[in-house]
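K.L.:
Let me give you the structure first, and then I'll get to my questions.
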Amino acid sequence: MGTGLYPKLTELLLAAGCQFERQGKGSHEIWSSPITRKKFSVPYTVVSSHTANGILKLAGLPKYF
């Protein structure tokens, strides 16, 4: 499992109905959001709250961190 904010971030994404699509390049995963109908990457090593909130924004969710 990832480090930093990754565990809580993925918990929020799953609770919102987002789905893991596939493994990306390196330390990234590709997820999709049913809210925005977009795909986005999530790194295993999310340590910045700005990055985590940016990922939530791509998923159509409000800021959390």
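The values are calculated or read from the model by the stated rules, or taken from the named source; none is laboratory data. Just so it is clear, the structure is predicted and the values come from calculations on it, not from any experiment. FYI the Cβ positions are ideal-geometry reconstructions off the backbone, even for glycines, and counts take in every protein chain you see.
K.L.:
Suppose we keep only residues that are part of a helix (DSSP H, G or I) and of a type in the set (V, I, T) within segment 28-58. Which one would you say is nearest to the chain's Cα centre (by Cα)? Before the answer, list the steps.
P.N.:
Applying the first criterion (part of a helix (DSSP H, G or I)) to segment 28-58 yields 49-58.
Filter once more, so that each one left must be of a type in the set (V, I, T): 51, 55.
Details: T51: 9, I55: 5 Å.
Looking at residues that are part of a helix (DSSP H, G or I) and of a type in the set (V, I, T), I get I55.
K.L.:
Could you tell me which residue of segment 11-22 is farthest from Y64 (Cα to Cα), considering only residues that are in contact with a Phe, Trp or Tyr (Cβ under 8 Å, 6 or more places away or on another chain) and in a helix (DSSP H, G or I)?
P.N.:
L13
K.L.:
Further, regarding this structure: Looking at segment 31-50 only, could you name the residues that are within 18 Å of L5 (Cβ to Cβ) and either among the aromatic types (F, W, Y) or surrounded by fewer than 17 Cβ atoms within 10 Å (Cβ to Cβ) (or both)?
P.N.:
Result: W31, F40, S41, Y44, T45, V47, S48, S49, H50.
K.L.:
When you go through (1) on the phi < 0 side of the Ramachandran plot; (2) outside any strand (DSSP E or B); (3) at pLDDT 95 or above one by one for K25, which number turns out not to apply?
P.N.:
(3)
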